[in-house]
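I have placed the structure first, in the form of structure tokens, so that the comments after it can refer back to it.
The values are calculated or read from the model by the stated rules, or taken from the named source; none is laboratory data. Everything numeric here is computed off the predicted structure, so don't read it as measured data. Here Cβ is always computed from backbone atoms with ideal geometry, including for glycine, and neighbour counts include all displayed protein chains.
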Amino acid sequence: MPAASDESDLIDLKGCKILLVDDDRLNIRILRSMLQNEGYVLAEADSAESALVLYDDFQLDLVLLDVLLPGMTGFDACRELRKRHSAKAAPVMFITAKQEAEDVVEGFSAGGVDYVMKPFRQKEVVARIRTHLQIRLLSERQSTLVDQLSRANAAKNKFLGMAAHDLRNPLASIRGLAEFLRDGTVGELTTDQLELINLIHQASQNMVSLVNDLLDVATIEAGELRLMIAPVALADVIEKSVAMNAREAARKKTAILFEQCEATPVLNLDADKIRQVVDNLLSNAVKYSPPGSTVRVGLRALPLGAHAVTVRDQGKGIPEGERDRLFKDFSRLSVQPTGGEKSTGLGLAICRKIVDAHGGSIVAENLPAGGCEFRVTLPSSTQA
């Protein structure tokens with residue numbers, strides 16, 4: 001397929017290859033005379049069988065195919081082309097004198113894109129052919145662009161994963177050494193020294209969290225997220241997450257209350273990944289609620305064995321007009337954490353992808369009395 005003109009946005013169709021298929025030589029001559037000044041490369045066949053042979057020998061861009069041919073019909077030939085070449089087959093325009101609805105429907109069902117009616121009208125024939133050639137060229141360009149973007153995205157994910165992996169170990173070491181010094185293992189520290197060590201520890205912790213998020217994103221985007229599905233008591237997962245996050249919440253004098261249903265559901269899921277989701281939702285709830293708040297976690301049964309995990313905070317909620325950004329990568333809302341905490345803009349995006357992989361859903365909505373509720377719905381079973 002030729003490239004577009006460099007001097008304008010118009011598509012240059014010169015050199016496009018068109019196959020004319022008709023057992024009536026007069027029709028072939030008429031079509032050739034109509035198209036010869038358009039710069040197309042024309043080939044001819046007088047039967048469907050010979051057309052199929054020619055198609056395999058040339059890189060065709062369009063086929064003008066008579067419906068009524070000796071032996072195989074035009075409809076059958078079109079079906080055969082679609083069978084052999086699927087979506088990559090050149091568009092087929094049928095040549096026919098029939099205008100009955102059932103014939104038109106059969107042609108489209110066979111895979112044709114348009115009709116050229118007999119007797120031919122030159123302007124109409126030329127315009128229809130030009131339109132379908134342009135559509136094909138634009139489709140090829142789009143496919144090429146998508147392929148290029150996919151390769152670039154894969155390279156980006158690979159680089160991101162490698163960089164994050166290489167950074168994680170030294171950052172974890174810095175954090176560990178800061179804890180070592182903070183605990184007074186090598187001697188007492190002055191107040192100023194302890195303050196600096198705490199700053200180093202907090203900065204390294206933020207960096208480790210960012211690197212872990214980047215690794216998660218790279219893994220998920222590369223299609224390498226693997227779920228370790230097993231029967232899990234969902235309430236136990238939530239309780240562990242609540243216990244861990246309660247310590248951090250206590251620094252803001254915030255309480256986390258778990259209100260579970262009476263039954264203890266056992267679901268097939270990846271416990272570590274669901275724990276990661278709950279951890280992130282609780283961390284966000286504490287982060288965006290004012291000091292002294294109460295974060296409420298709920299677990300309730302739904303029809304068909306599904307269950308919903310809810311996290312309610314007392315923050316400012318989701319600003320109007322920003323809801324569509326909530327679960328996107330690196331997306332941050334205008335609402336700021338109430339204690340100066342850091343945010344990578346990746347946590348909720350990772351949550352959504354993990355929940356999606358479980359066949360569930362995650363939504364967020366503002367509460368009438370203030371605050372926001374995040375609701376994760378998990379099915380009774382998940383495929384590994």
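The table below gives the values:
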| read-out | value |
| --- | --- |
| Evaluation of Val105 against (1) in a helix (DSSP H, G or I); (2) surrounded by 13 or more Cβ atoms within 10 Å (Cβ to Cβ); (3) assigned by TED's automatic domain parsing to the domain that holds Leu68 (one fails), failing number | (2) |
| Single match in Ser331, Ser361 (criterion: under 30 Å from Glu224 (Cα atoms) and at pLDDT below 85) | Ser331 |
| Flag for Val125 being closer than 30 Å to Ala97 by Cβ, assigned by TED's automatic domain parsing to the domain that holds Thr96, of a type outside the set (D, E, K, R) and in contact with a Leu (Cβ under 8 Å, 6 or more places away or on another chain) | no |
| Within segment 239-280, tally of residues that are surrounded by fewer than 17 Cβ atoms within 10 Å (Cβ to Cβ), small (Gly, Ala, Ser) and under 20 Å from Cys351 (Cβ atoms) | 1 |
| Options Phe94, Phe58, Phe75: the member that is closer than 23 Å to Thr144 by Cβ and among the aromatic types (Phe, Trp, Tyr) | Phe58 |
| Hey, Ala301 touching a residue at least 60 places away in the same chain (Cβ under 8 Å) and either within 20 Å of Ser343 (Cβ to Cβ) or touching a His at 6+ places or on another chain (Cβ under 9 Å) (or both) or not | no |
| Total residues in segment 280-325, condition part of a loop (DSSP other than H, G, I, E, B) and of a type outside the set (Ser, Thr, Tyr) | 15 |
| Test: residue in segment 175-190 that is closer than 22 Å to Ile354 by Cβ and basic (Lys, Arg) | no |
| Meets criteria (assigned by TED's automatic domain parsing to the domain that holds Ala349, of a type in the set (Ser, Thr, Tyr) and within 24 Å of Ala357 (Cβ to Cβ)) for Ser289 | no |
| Every residue from segment 364-379 that is out of contact with any Cys (no Cβ under 8 Å at 6 or more places or on another chain) and either surrounded by fewer than 16 Cβ atoms within 10 Å (Cβ to Cβ) or among the aromatic types (Phe, Trp, Tyr) (or both) | Leu367, Pro368, Ala369, Gly370, Phe374 |
| Test: residue in segment 38-55 that is touching a residue at least 40 places away in the same chain (Cβ under 8 Å) and hydrophobic (A, V, I, L, M, F, W, C) | no |
| Selection count, segment 185-238, where residues are within 23 Å of Leu267 (Cα to Cα) and surrounded by 14 or more Cβ atoms within 10 Å (Cβ to Cβ) | 9 |
| Selection within segment 119-160 - in contact with a helix residue (DSSP H, G or I) (Cβ under 8 Å, 6 or more places away or on another chain) and under 16 Å from Leu31 (Cα atoms) | Phe120, Gln122, Val125, Val126, Ile129, Arg130 |
